[in-house]
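**Student:** The structure under discussion is supplied below as structure tokens; questions concerning it will follow.
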């Protein structure tokens with residue numbers, strides 16, 4: 001193992017572009033904001049509070065150039081952590097919600113990816129609580145860009161407000177279009193949400209920590225080799241787990257479920273990918289060998305061909 005988890009050549013498979021915007025960058029984009037105001041917005045009492053702050057952040061991204069800047073800064077930070085390959089989620093559903101044209105925003109992001117020090121693929125994400133037609137709109141945008149760096153379609157947002165069963169036809173369309181499928185599930189809802197996502201074809205599960213409450217589900221994930229994208233700090237910050245010591249990452253790993261570590265919305269959750277590895281070692285007793293295996297999982301379960 002290298003001297004630091006930062007030195008490990010890694011992948012980042014669960015990273016929201018917009019949630020990577022540091023307060024300083026947001027103030028640069030909108031000088032009327034203060035650092036104190038942004039930092040206050042980056043604190044939450046629960047998951048729905050985080051969603052409201054995320055929407056507030058999105059409202060300050062107004063031009064393709066804004067997206068280009070946040071992508072450039074995000075990819076530079078990933079490179080500084082020796083991330084070699086990243087699958088970065090774009091909140092395309094929120095772009096449409098704001099009435100913005102997605103094409104020039106994607107063009108700007110595509111150009112940044114081409115010049116980046118990190119190999120990049122994109123995941124387009126729909127906001128599940130806004131319903132099936134909304135998800136169809138995002139899935140079509142993703143399908144149109146399969147040959148231009150979009151690797152997957154996903155859904156995020158409020159699991160209770162947008163049950164996964166709504167989206168079966170959309171998922172089938174995405175898979176038939178050559179897209180991979182990753183679904184936020186078992187984050188703010190229970191194991192039944194993960195079961196639903198798996199039954200509908202999810203190839204990776206975003207978060208999935210509530211699977212720890214269902215031994216049969218853990219066995220199913222292990223046998224079907226379906227990995228969880230585990231984001232420790234995120235789950236603590238949004239209070240989907242009450243405190244760090246109660247996070248089930250160790251139980252999930254010990255059950256043999258494949259998993260990767262990821263940072264989710266690192267600026268909004270005051271973390272980095274390196275810190276997630278440090279937390280796993282310090283707070284949950286993961287050995288260097290176990291973490292090396294998790295690093296390898298990132299390359300194994302990447303939808304693209306991570307080098």
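**Student:** Scan segment 66-82 and give yes if some residue there is in a loop (DSSP other than H, G, I, E, B) and modelled with pLDDT of 95 or more, otherwise no.
**Tutor:** yes
**Student:** Let me ask something else. From the list 33, 26, pick out the single residue that is surrounded by 17 or more Cβ atoms within 10 Å (Cβ to Cβ) and either out of contact with any strand residue (DSSP E or B) (no Cβ under 6 Å at 6 or more places or on another chain) or not in a loop (DSSP other than H, G, I, E, B) (or both).
**Tutor:** 26
**Student:** Another question about this same structure. List the helices (runs of 4 or more DSSP H) that sit entirely inside segment 193-307 and contain at least 2 residues that are touching a helix residue (DSSP H, G or I) at 6+ places or on another chain (Cβ under 9 Å) and within 25 Å of residue 120 (Cβ to Cβ).
**Tutor:** In segment 193-307, the matching helices (runs of 4 or more DSSP H) lie at 232-237, 273-284, 288-300.
**Student:** What's the number of the condition residue 151 fails, among (1) within 24 Å of residue 49 (Cβ to Cβ); (2) under 15 Å from the mean Cα position of the chain (by Cα); (3) not in a loop (DSSP other than H, G, I, E, B)?
**Tutor:** Only one criterion in (1) within 24 Å of residue 49 (Cβ to Cβ); (2) under 15 Å from the mean Cα position of the chain (by Cα); (3) not in a loop (DSSP other than H, G, I, E, B) is unmet by residue 151, namely (1).
**Student:** Any idea how many residues of segment 124-139 are part of a helix (DSSP H, G or I) and either touching a helix residue (DSSP H, G or I) at 6+ places or on another chain (Cβ under 7 Å) or surrounded by 19 or more Cβ atoms within 10 Å (Cβ to Cβ) (or both)?
**Tutor:** Of the residues in segment 124-139, 9 are part of a helix (DSSP H, G or I) and either touching a helix residue (DSSP H, G or I) at 6+ places or on another chain (Cβ under 7 Å) or surrounded by 19 or more Cβ atoms within 10 Å (Cβ to Cβ) (or both).
**Student:** Here is a further query. Filter segment 36-59 for residues that are surrounded by 18 or more Cβ atoms within 10 Å (Cβ to Cβ) and outside any helix (DSSP H, G or I) and give the result.
**Tutor:** If the condition is that a residue be surrounded by 18 or more Cβ atoms within 10 Å (Cβ to Cβ) and outside any helix (DSSP H, G or I), then 42, 44 are the ones that fit.
**Student:** Sticking with this structure for a sec: Among the residues of segment 83-123 satisfying the criterion of being more than 26 Å from residue 158 (Cα to Cα) and touching a strand residue (DSSP E or B) at 6+ places or on another chain (Cβ under 6 Å), which is surrounded by the fewest Cβ atoms within 10 Å (Cβ to Cβ)?
**Tutor:** Looking at the filtered set, the residue picked out is 119.
The values are calculated or read from the model by the stated rules, or taken from the named source; none is laboratory data. Keep in mind that what you see is a predicted model, and the values were worked out from it rather than measured. Backbone-built Cβ (ideal geometry, glycine too); neighbour counts: all protein chains shown.
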